[in-house]
1. Quick one: which residues, 5+ away or cross-chain, put their amide H under 5 Å from the amide H of Gly286? H built at 1.01 Å from N.
2. Which whole-Hz couplings ³J(HN,Hα) result when phi for each residue of the stretch 204-216 is put into the Karplus expression 6.51 cos²θ - 1.76 cosθ + 1.60, θ = phi - 60°, listed in order with x for Gly and Pro?
3. Which order do the peptides 214-226, 88-100 take when ranked by the mean count of other beta-carbon atoms within 10 Å per residue, highest first?
4. When you count, for each residue, the other Cβ atoms within 10 Å and take the mean per peptide, how do 235-244, 343-352, 267-276 rank with the highest first?
5. For a footprinting-style exposure proxy, rank Glu136, Glu357 by other Cβ within 10 Å, fewest first.
6. Can you tell me which of Asn179, Asn289, Asn199 moves the most in a GNM of the chain? Springs connect C-alpha atoms under 10 Å apart.
7. For a quick check: sort Arg360, Arg135, Arg58 by the number of other beta carbons within 10 angstrom, fewest at the front.
8. Karplus couplings for the stretch 276-293 from phi (6.51 cos²θ - 1.76 cosθ + 1.60, θ = phi - 60°), rounded to Hz, Gly and Pro as x?
Amino acid sequence: MSMKRLKKVLSILAFMIVVLFSISAADALAAPNISGRWQTDSGRTYTITQIGNMFTWRMPDTGQTGVGNIDGDTATAVWPFGSAEGRITTDAADRGIRIDWNNGVVFTRVGESTGADEPAGDFTAHWTLIGSQAREIFAGGDKLYGVRSDTGDLYEYSGSGNRWTLIGSGGRSYAVDSNGYIYGINTAGVWRYNATPMNWTQIGGPATALYAGGRNLFVTDTVTGDIYRYGGSPGDWTRIGASGVTFAVDDSGHLYGLSPSGVFRYDGTPDHWTQIGPAGSDLFAGGTNLFGTHASAGDLYRYNGSPNSWTRIGGSGNTFTVDGSGRVYGLSPTGVFRYNGTPEDWTQIGPAATDIEAGRRDLYGITADGNVWRYRP
């Protein structure tokens, strides 16, 4: 699984916090459907993409974007230089057909877009609301865990509906391996969850960060930053390398490290690493695939399996995550995107979110209101 690293927080995200989201899951599903392509009375075209009561909008001809929410028949839109409220007129199927904005602009629905530049459509067919009040999520294997935003407590998702079970508290960070086992760090050290609510075993001392994948667990030392591998028994740790900027583990348990001098692959023997790429800004691994972002531009590259052989596959994003099949997803200020396997070929599969995490086959996201969604193609 990949460890999420939120980065490059672009200016439009600052405006998302002024949009108020305070509805229940049932209310979110009851919002009018305004996803689609719209035209103003002056002839300009807008594309709106929506999940529940949240939406993003885009002007394809200028690239301008914004975010918003729906409360009953009222839409509130926010963009870097302003905001507006609009009254939604719906048809018998509760599908928006007209929006009268308080700035004098009138939107009229003109049909769905099929062009790659205008990723319209109702994404709710592939996304299911499964939880709320989440601050962070952690996925691995077929398991999903979430940290509650108000208490910081850790919950395990049941796998269906919106049922969650409290399993721990007081953790500072977590990591999930490819079998769904979760590990956590608190002020005392590293802990392993024993699959029974509130039942954890301490397996190591204080650590800074956790990295898990396959059946392997790695941690970094709080003082030196050196990386250690867990041997499977409490207290059994082996130092395998020096400090790095970050690390990533694929679903086969292979460890990769990023240092100021380049990307390195751990060869399985302590302090034996092979350089496989130049310096970057982050690493993301899943399945048997490794991806890295460019140190300055932030563009995403795929490792081709041989040292120093990388292919650029997309531009920069807020973060990326990789599922158990090695499929990579990206989060940008305008939405969630899926890589289709060909360089520069991405499909938007959801509107804006605050974070995404991939498990063995499912993708999960948190929206600005703390709601948790599961994506299945």
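1. Result for Gly286 returns Asp251.
2. Computed from phi, the couplings for the stretch 204-216 are x, x, x, 8, 8, 9, 10, 9, 9, x, x, 10, 9 Hz.
3. Going by the mean number of other Cβ atoms within 10 Å, highest first, we get 214-226, 88-100.
4. Values: 235-244: 15.5, 343-352: 18.9, 267-276: 13.3.
Descending packing order for the listed peptides: 343-352, 235-244, 267-276.
5. On the way: Glu136 18, Glu357 27.
Fewest to most other Cβ atoms nearby, the residues stand as Glu136, Glu357.
6. Among Asn179, Asn289, Asn199, the largest GNM mean-square fluctuation belongs to Asn199.
7. Working: Arg360 19, Arg135 15, Arg58 23.
Neighbour counts put them in this order, fewest first: Arg135, Arg360, Arg58.
8. So the J values, rounded to whole Hz, are 10, x, x, 5, x, 10, 6, 10, 9, 9, x, x, 10, 9, 10, 10, x, 9.
Computed from the coordinates by the stated procedures, all read-outs in this text should not be read as laboratory data. Bear in mind that the values here come from a model prediction, so they are computed numbers and not experimental data. So basically every Cβ, Gly included, is an ideal-geometry build from the backbone, and we count neighbours across all protein chains shown.
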